[in-house]
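K.L.:
Supplied in C-alpha cells, the structure appears directly below.
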Amino acid sequence: MKPIQGFSPFAMTLAAALTAGCSLQPAYERPDSSVDAAYPTGAAYDRQPGATAPDGGARSSNGKAAIDIGWRDFFIDARLQSVIEIALQNNRDLRVSMLNVEAARAQYQITRAELSPWVDAGASSTRERTPSNLSTGGSTSSTVYSVGANVAWELDLFGRVQSLKDEALAQYLSLAETRKAAEIALISQVAIQYLTMLGEEDQLAVTQATLKNAEESFRITKLSFDNGIATELDLQQSQGILEQASATLEAYSRARAQDENALVMLIGQALPDDLPAGKALSQQNLLTDVPAGLPSELLQRRPDIAAAEQSLLAANAYIGAARAAFFPSISLTGSFGTLSPSTSGLFSGGQGAWSFVPQITVPIFRGGANRANLELAQVQKRIEIARYEKAIQTAFREVADGLAARGTYDRQIQSLQRYETTQMRRLELSNMRYRSGVDDYLSVLQAQTDLFEAQQSLVSAKVARANNLVTLYKSLGGGWSVLLTNLGAPQQASQHLTSS
C-alpha cells in the first residue's frame, strides 16, 4: 500500500459522477392485443342472463367487474368457502409457486446489490525472508501486519448491471403475477370439483329413485309372470332396466368417491369433520350477471397476461445487458488501513496506508460470443412477444366461450326441465295403457329409460352451468380480492423492493 499522505478523493468523486451511465435497452412498446375490440355476437351471446337462475333465487353483481368481486361474495356456500380456505393454506402446487416468488425476489436483491460498492474489512499477517545473496545486509526476515477495508465497485457506464437488475425485477414480478394466477386457478379448481361432487350426489339421488322404481316394477312383473299374466319377455325387459340402473348406481358411487379424492388432493388434507353444512347444487345461487366488459380490459384484469408482459419486459431488459457487453467495463478497487511490523503499532500515528486500482476491460475477440448472445436475447424477446399475444388470445377465447355458454345454459336447462316433465307424464300414461292392455310392456320400459336419461341430462346441464359460471368468473379476472396470503399484490411488492 501507498501512504495516505496527500490522498485526494478525486477518483471516487469522478466515479460517482459517472455512475448514472446510460441504458442500451430498447424502448419498450406494448404489442398489439391481436384480438377483436369486442366479444363475438350472435345467437349464443344475445341472451346473457341477468340476476336470475333456473332453479329460483337471484343475486346480482350490481354491475361490479369480476376483479372487484371477492370469492367470498361469489360463493355463498359456507362449506365451499371453508374448503377454499383450506386449499389456499395447504395446496402444494401453490406453495411451490409462492416459494418461486421468494426465490425470484432474493435473486433480484442479489443483482441489485451489484450496483453498489462492495466493502470488506480484513486483517492479515505476512512474514517474509530474503536470502543473503539477494540482500545487501545479509539474510533478513520481516513481518508486516495490516488491518483495513477493501472496496470494489463496477462503474455501470453502459447500463449492463442496471439492465440485469431490471431483468431480475421483471422476472420477479412475472412470478408474482403467476402466483396470483395460480391462486385464482386453485380457487376455481376447488369450486368446480366441489360442484361436480354435488352433481354426482344429485345423479346418485336420481339413480337411486330410478332403481327403486325399477325394483318395484320388476316385482310386479315377476308376480304377473308367476301368475301367467306377463310374458317372459316382459320379465326379462323389466330385469334389464333393473340391472342397468344398478350398474349406473355403482358408476356414480365410484365417481362420487373419486371426486372427493380429487378435492382432498386440491386442498392438501382430508376433509375435516367439522366443516359447516353445505348447500345442494340447486341452492348455490352463483352470480350470473357479472359484466364481461371489453377485451382490452383483460390486460389489467388477468394476472396471466400481466405475467406474460413482465416476461417480455425481462427479455427487453436483457437486450440492454447483451448490448453493453460490446463496450468497455470499468471497475475500481481500493483499500485503506494501517500497516505495522508489530501488532502493537497497527493503530499508531503515521501507519496509515492506501491503494487505488482502477481497471478497464475492453472486449476485443471472444469468438463471436457477444454477438451470438445479443442475437439470442433478441430472439428471446420475439418469443416472449408471441407468448404475450398468445396469452391475450387465450384469455379472449376463454371469455368468449364462457359468454357463449352463459347465454345458452339457462334456456337449455329450462328446455330439459320441460322435457323431464313430459317424460314423467309419458311414463304415467304408458303404465296406464299397459295395465289397460292397450300397449305392451316395452313402451313402459322405453318410457322409464327415457325419463332416466332426461333426469341425468338435466343434472349434467346444471353442473355444467355452475362450472361455467365459475370459469367465466375466473376468466374475467375474479377471485383475487379475498385471499389468505401475506405477500401483497405484485405492484406493492415492486414498490417494497425498489424502496428497500
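K.L.:
Please get the size of the charge dipole for the chain, origin at its Cα centre, with Cβ charges of +1 on Lys and Arg and -1 on Asp and Glu, quoted in debye to the nearest 20.
P.N.:
1780
K.L.:
Once you put a point 7 Å from the Cα of Thr231 and another 7 Å from the Cα of Gln446, both along the Cβ direction, what distance in nm separates them?
P.N.:
Calculated label separation equals 1.5 nm.
K.L.:
Kindly identify the chain as rounded, prolate or oblate by the Cα gyration tensor criterion: order the square roots of the eigenvalues as a ≥ b ≥ c, call it rounded if a/c is under 1.5, otherwise compare a/b with b/c, prolate if a/b is larger, else oblate. Display every interim value, and only then the final one.
P.N.:
On the way: a/c = 3.97, a/b = 2.92, b/c = 1.36.
It comes out prolate by the Cα gyration axes.
K.L.:
Would you compute, from DSSP H runs of 4+ residues alone, the mean residue ellipticity of the chain at 222 nm, taking -39500 (n - 2.57) per run and dividing by the full residue count, rounded to the nearest 500? Don't skip to the answer; put the middle values down first.
P.N.:
Working: 11 runs with 289 residues, N = 500.
Counting only the DSSP helices, I get -20500 deg cm²/dmol.
K.L.:
Cross-link list Lys212/Lys474; Lys279/Lys474; Lys279/Lys390; Lys212/Lys462: which exceed 31 angstrom alpha carbon to alpha carbon? List each step's numbers first, then the result.
P.N.:
On the way: Lys212/Lys474 40 Å; Lys279/Lys474 22 Å; Lys279/Lys390 38 Å; Lys212/Lys462 24 Å.
Beyond 31 Å: Lys212/Lys474; Lys279/Lys390.
K.L.:
Then there's this: For the ranges 441-449, 375-383, what's the packing order if you count other beta-carbon atoms within 10 Å of each residue, average per peptide, and put the highest first?
P.N.:
441-449, 375-383
K.L.:
Taking the mean number of other Cβ atoms within 10 Å as a proxy for protection, how do you rank 220-228, 236-244, 252-260, 200-208 from highest to lowest?
P.N.:
Working: 220-228: 13.4, 236-244: 17.2, 252-260: 15.6, 200-208: 19.2.
Top of the packing list down: 200-208, 236-244, 252-260, 220-228.
K.L.:
Quote the FRET efficiency, to the nearest 0.05, computed for Thr343 versus Leu157 with a Förster distance R0 of 35 Å and r equal to the Cβ-Cβ distance.
P.N.:
Numbers: r = 42 Å, r/R0 = 1.19.
Efficiency for this residue pair is about 0.25.
K.L.:
Looking at the square roots a ≥ b ≥ c of the eigenvalues of the Cα gyration tensor of the range 24-128, which shape do they give, rounded for a/c under 1.5, prolate if a/b is larger than b/c, or oblate?
P.N.:
Details: a/c = 4.80, a/b = 2.03, b/c = 2.36.
Here the range 24-128 falls in the oblate category.
K.L.:
Sort Phe396, Phe347, Phe365, Phe452 so the one with the fewest other Cβ atoms within 10 Å of its own Cβ comes first.
P.N.:
Details: Phe396 19, Phe347 11, Phe365 7, Phe452 23.
The most exposed by this proxy come first: Phe365, Phe347, Phe396, Phe452.
K.L.:
While we're looking at this one, here's another question. What residue among Gly122, Ser132, Ala185 has its Cα farthest toward the positive end of the dipole of the range 116-187, where the charges are +1 on Lys, Arg and -1 on Asp, Glu, each on the Cβ?
P.N.:
Positive-end residue among those listed: Ser132.
K.L.:
If you don't mind, there's one more thing I want to ask. Quick one: divide the alpha-carbon radius of gyration of the range 179-223 by 2.2 N^0.38 Å and tell me what you get. Don't skip to the end; give the middle numbers.
P.N.:
Values: Rg = 19.4 Å, N = 45, 2.2 N^0.38 = 9.3 Å.
Cα-based Rg divided by the globular estimate yields 2.07.
K.L.:
Ok, one more. Which of the aspartates and glutamates could a cross-linker span from Lys381 if the Cα-Cα distance has to be under 16 Å and same-chain partners fewer than 8 positions apart are dropped?
P.N.:
Glu29, Asp32, Asp166, Glu167, Glu309, Glu389
K.L.:
In nanometres, what is the gap between the two model label sites at Arg371 and Ala78, each 7 Å from Cα along Cα-to-Cβ?
P.N.:
The answer from the label model is 7.2 nm.
K.L.:
Let me ask something else. Using a Förster distance of 35 Å, how high is the FRET efficiency between Ala251 and Asp68, based on the Cβ-Cβ distance and rounded to 0.05?
P.N.:
Values: r = 42 Å, r/R0 = 1.19.
With R0 = 35 Å, the Cβ-Cβ based efficiency is 0.25.
K.L.:
Say R0 is 60 Å: what FRET efficiency, to the nearest 0.05, do Tyr45 and Arg129 get from their beta-carbon distance? All intermediate terms of the calculation are to be shown ahead of the outcome.
P.N.:
Working: r = 92 Å, r/R0 = 1.54.
The formula returns an efficiency of 0.05 here.
K.L.:
At a 10 angstrom cut-off on C-beta neighbours, averaged per residue, how do the peptides 352-364, 407-419 rank from highest to lowest? Before the final figure, lay out the partial values.
P.N.:
On the way: 352-364: 12.1, 407-419: 16.1.
Ranking, from highest mean packing down: 407-419, 352-364.
K.L.:
Classify the range 260-351 as rounded, prolate or oblate from the Cα gyration tensor: take a ≥ b ≥ c as the square roots of its eigenvalues, call it rounded if a/c is under 1.5, otherwise prolate when a/b beats b/c and oblate if not.
P.N.:
Numbers: a/c = 4.77, a/b = 2.06, b/c = 2.32.
Here the range 260-351 falls in the oblate category.
K.L.:
Any idea what the relative contact order of the chain is, in percent, if you count C-alpha pairs under 8 Å spaced at least 6 apart?
P.N.:
On the way: 734 pairs, mean separation 150.0, N = 500.
Normalised by residue count, the contact order of the chain is 30 percent.
K.L.:
Using the count of nearby Cβ atoms within 10 Å as a rough guide to exposure, how do Ser296, Ser335 rank from fewest to most?
P.N.:
Ser296, Ser335
Where a number appears in this text, it was derived from the coordinates with a stated rule and is not lab data. Here the structure is a predicted model, which is why all the values come from computation and not from measurement. Methodologically, a virtual Cβ is constructed for each residue, glycine included, from the backbone with ideal geometry; neighbour enumeration extends over all protein chains shown.
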